Every structure is written in structure tokens, then in C-alpha cells.
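What follows is a set of notes on a single structure, which appears directly below.
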Amino acid sequence: MINFLDNPSSIDMNIDDVFGETVVRIQNRQIVLASVPDGKLDPSHFDMRTAPMPEPGDGSLLVETLYLSLDAANRGWMQGASYRDAVTAGDVMPGFVIGRVLTSRDSSVPIDSVVEIEGEWADYVVVSGDRAKIVLPVQPLSRRLSVLGIAGKTAYFGLLNVGLPQAGDTLVVSAAAGSVGTLVGQIGKIKGCRVVGIAGGREKCAWLVDELGFDAAVDYKAGSLFKDLKSACPEGIDIYFDNVGGPILETVLFQMNEKGRVVCCGAVSQYERAKPIGPRNVPGLLVVKRLRMEGFLVMDFAEYDAQAEADLAEWSASGQLRVVEDIVEGLENAPEALVGLLNGENRGKRMVRLSNED
């Protein structure tokens with residue numbers, strides 16, 4: 001049985017004297033969106049607060065957050081309703097979580113299970129048992145958010161099920177140094193593609209080629225994206241895995257080969273714009289080049305999760321797939337870490353560690 005006081009430094013406690021006895025009341029730290037940003041997100045848009053420890057009802061679980069995923073999509077949720085409800089001022093910030101079950105009111109989920117859930121930016125969260133997926137613990141457990149989790153499966157399904165790569169294809173991926181991009185490029189190499197990354201800065205571009213095995217990388221900050229991309233892809237582009245949208249998407253579309261595939265995963269370049277912009281000459285380019293442009297969500301392919309995890313685990317164990325993680329310590333640092341992610345600070349999967357996984 002878990003003892004809440006095994007690690008008292010990780011929680012807030014109120015200590016009272018009641019009838020001569022010391023009573024410890026554990027408080028739950030939460031990060032709320034204090035105000036919806038109009039433009040650039042800043043840590044000042046968030047507040048930390050404490051709330052009473054949540055109590056699970058019938059069919060529910062009390063889960064301790066171990067790792068919290070940080071994703072560009074977190075910023076997109078503040079723009080309005082999409083595939084999920086909008087995040088508005090005063091809401092506890094939602095997020096994907098790997099956690100440990102402390103209390104279970106659902107007989108199908110034992111205490112001490114490791115679960116993945118749609119949780120919150122909080123030390124503890126209550127969730128319905130039927131919305132928690134029990135996962136096998138791995139070492140390190142952070143792999144459940146990176147290669148075996150939302151990042152790995154997004155890359156896997158987006159490229160293989162939507163992009164449909166063939167050996168010899170030229171694959172371009174934007175935000176190539178990020179959580180999904182690093183994996184898309186490497187999976188493309190495994191499948192026999194020629195892989196070109198788009199990233200910000202010469203150092204990142206060199207890292208993609210020298211460390212992750214990309215065939216080439218283009219620095220979009222250099223100011224000559226069209227020319228540099230043309231040089232890196234002299235025979236055109238067969239698959240574009242798009243994480244950014246906007247002008248970069250437009251530039252790539254003009255260089256796509258006939259019957260190319262565009263995988264629409266995200267639009268991080270647009271999340272902080274008051275008036276988002278899209279590529280010009282659409283659908284004209286799609287018609288002339290007979291392109292297929294398709295968006296997806298990772299949960300669209302949930303029935304194939306087991307196969308994805310098996311392949312990703314095998315590739316990483318064999319060294320074909322290098323896992324890159326960027327772990328930030330402490331819930332209180334989540335706002336600044338998300339802002340940094342949106343500004344391109346991270347390499348690989350950025351996450352927050354809240355509690356010792358042991």
C-alpha cells in the first residue's frame with residue numbers, strides 16, 4: 001500500500017492539532033490557466049494553487065502523476081474547441097499523464113497499477129477507471145511518454161498508416177528535432193526513405209544528420225528555405241510530414257511530386273497567431289499535382305497500439321531508433337517548460353517528472 005508520507009517534500013500538507021492529536025491533511029497542487037493568451041504564451045498566464053486531495057467515487061481511481069507530457073497541442077487547446085473542449089481561464093490545465101494508482105474504486109484496475117490517462121497538471125487526479133489504460137512498466141518509465149507513448153505512436157501511425165512510405169521515397173519532416181519529428185525521420189530511414197528534416201538553427205540541423213542519421217537538414221531560420229529545400233530534395237518530395245503549417249507547408253507543397261502524400265499532424269507555427277495563415281494555392285496545387293493531404297489523431301489507430309508498441313520497442317532495443325528525451329523536474333516548472341517547447345528549446349520528447357517512478 002502506498003504511504004502518502006513516504007516523500008513529503010513532493011506534496012503540500014496542512015498540519016493541524018485536533019483534540020491533542022496531529023492530523024495531516026494532504027493538499028493537491030494544481031496549475032490553472034489564469035488567462036487565455038492573445039498571442040505569445042507566457043508563464044504569467046498560469047497560476048499554481050492548492051486544493052484538497054480529490055476523493056474517487058465508485059468506478060473511479062485516485063492517480064498520482066509521475067510524468068506529464070508537454071505538447072504543442074496544449075497551446076492549441078487554448079484557441080477553442082477542437083477534438084476536445086477548449087481550455088479557458090480558471091481551468092486546471094489538462095495533459096496526458098503516466099501515473100500510479102493509489103486508490104481504486106474499480107475492481108478491474110488494481111492499486112499500484114501504472115496507467116496512462118488524460119489527466120491534469122496536478123500532483124493527483126481522479127479519473128474514471130474505464131478511461132485509464134494499464135500499461136506494463138518499463139525502465140525508464142519515461143519511455144511510456146516518448147517512444148512507446150503518444151510521441152512514438154503519433155510518428156508511427158502518421159508516417160506508416162497515413163504517409164504510406166515506400167523504399168526510395170523522399171520524406172521531409174518539419175519540426176524535425178521535436179518529439180514526433182525525431183522519430184518520424186528515423187522510422188523513415190528504417191523503411192528505406194531518403195529523409196530530410198526542417199529545423200531551426202544550424203546546430204539542430206547538424207545534430208539531425210550527425211546523431212540521428214537524417215540524410216540532410218534545412219534551417220528554416222536561414223531565410224532561404226525554398227532554395228535550400230530544393231537543393232536538399234533535387235528529385236522532389238514524395239511524403240511531407242507536417243508539424244507546423246503556415247509558410248513552411250506552402251513552401252513544401254510547391255516541391256511535392258505528383259501523387260505525393262502530405263501528413264497533417266500539427267500546426268505549431270499558427271498556435272500563437274491572432275489570425276492564423278494557411279498555404280496559398282490550395283486546393284490548386286493538390287489538384288494539379290494530384291496530392292493527398294490528410295490529417296489524423298493518434299487515437300484513430302488505437303486498435304493497432306500493440307503492434308506499434310512491439311515495433312517501436314524492437315527498433316529502439318536494436319539501436320535502429322534512438323530515443324531522445326528532455327525531462328524537466330517539478331510541476332512548478334511546467335508553464336516555463338511549455339513556453340520553451342513552443343519556442344523550440346527542446347530536442348526530442350519534453351515532459352515533466354513529478355514523482356519518483358520507483
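The values are calculated or read from the model by the stated rules, or taken from the named source; none is laboratory data. Small disclaimer: the values here were computed from a predicted structure and weren't measured. Using ideal geometry, Cβ is built from the backbone for each residue, glycine included, and neighbour counts are taken over all protein chains shown. Surface accessibility is based on the protein's heavy atoms, side chains included, excluding ligands, DNA and RNA. Shrake-Rupley method; radii C 1.70, N 1.55, O 1.52, S 1.80 Å.
Looking only at residues in region 126-150 that are under 17 Å from residue 351 (Cα atoms) and among the polar types (S, T, N, Q), which one is most open to solvent (accessible area, probe 1.4 Å)?
139
Return yes or no: is residue 95 closer than 25 Å to residue 179 by Cα and small (Gly, Ala, Ser)? So that I can check it myself, show each step before the final result.
Details: closer than 25 Å to residue 179 by Cα: yes; small (Gly, Ala, Ser): yes.
In short, yes.
Does residue 63 count as touching a strand residue (DSSP E or B) at 6+ places or on another chain (Cβ under 6 Å) and assigned to a strand (DSSP E or B)? Quick ask: steps written out before the conclusion?
Numbers: touching a strand residue (DSSP E or B) at 6+ places or on another chain (Cβ under 6 Å): yes; assigned to a strand (DSSP E or B): yes.
Yes: the conditions hold for residue 63.
Which of the residues belonging to region 187-207 are surrounded by 24 or more Cβ atoms within 10 Å (Cβ to Cβ) and touching a helix residue (DSSP H, G or I) at 6+ places or on another chain (Cβ under 7 Å)?
Matches in region 187-207: 187, 188, 195, 196, 197, 198, 199.
Here's the yes/no breakdown for (1) at pLDDT 95 or above; (2) under 19 Å from the mean Cα position of the chain (by Cα); (3) buried (at least 16 other Cβ atoms within 10 Å of the Cβ); (4) charged (D, E, K, R):
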| position | (1), (2), (3), (4) |
| --- | --- |
| 1 | no, no, no, no |
| 5 | no, no, no, no |
| 8 | no, no, no, no |
| 12 | no, no, no, yes |
| 17 | no, no, no, yes |
| 45 | yes, no, yes, no |
| 57 | yes, no, no, no |
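Any idea how many residues of region 269-291 are over 23 Å from the mean Cα position of the chain (by Cα), among the charged types (D, E, K, R) and at pLDDT below 95?
Going through region 269-291 one residue at a time, the tally reaches 2.
Among all residue pairs at least 6 apart or on different chains, which show Cβ distances below 6 Å where the first residue, located in region 305-330, is open to solvent by 60 Å² or more (accessible area, probe 1.4 Å) and the second is modelled with pLDDT under 95?
Filtered contacts from region 305-330: no entries.
More than 15 Å from residue 353 (Cβ to Cβ), part of a loop (DSSP other than H, G, I, E, B), of a type outside the set (S, T, N, Q) and touching a residue at least 24 places away in the same chain (Cβ under 8 Å): which single residue out of 125, 147 fits that description?
Every option except 147 fails the conditions.
Is it fair to say residue 26 is among the β-branched types (Val, Ile, Thr), assigned to a strand (DSSP E or B) and at pLDDT below 95? Before you say what the answer is, go through the steps one by one.
Working: among the β-branched types (Val, Ile, Thr): yes; assigned to a strand (DSSP E or B): yes; at pLDDT below 95: yes.
Yes, satisfied.
Do we find that residue 266 is within 21 Å of the chain's Cα centre (by Cα), surrounded by 14 or more Cβ atoms within 10 Å (Cβ to Cβ), free of Cβ contacts under 8 Å to residues at least 40 places away in the same chain and within 30 Å of residue 114 (Cα to Cα) in this structure? Can you show your working first?
Details: within 21 Å of the chain's Cα centre (by Cα): yes; surrounded by 14 or more Cβ atoms within 10 Å (Cβ to Cβ): yes; free of Cβ contacts under 8 Å to residues at least 40 places away in the same chain: no; within 30 Å of residue 114 (Cα to Cα): yes.
In short, no.
Considering only region 272-358, give the helices (runs of 4 or more DSSP H) lying wholly within it that have at least 3 residues that are in contact with a helix residue (DSSP H, G or I) (Cβ under 7 Å, 6 or more places away or on another chain) and closer than 28 Å to residue 30 by Cβ.
On the way: elements: 284-289, 305-318, 334-342.
Passing ranges, in order: 334-342.
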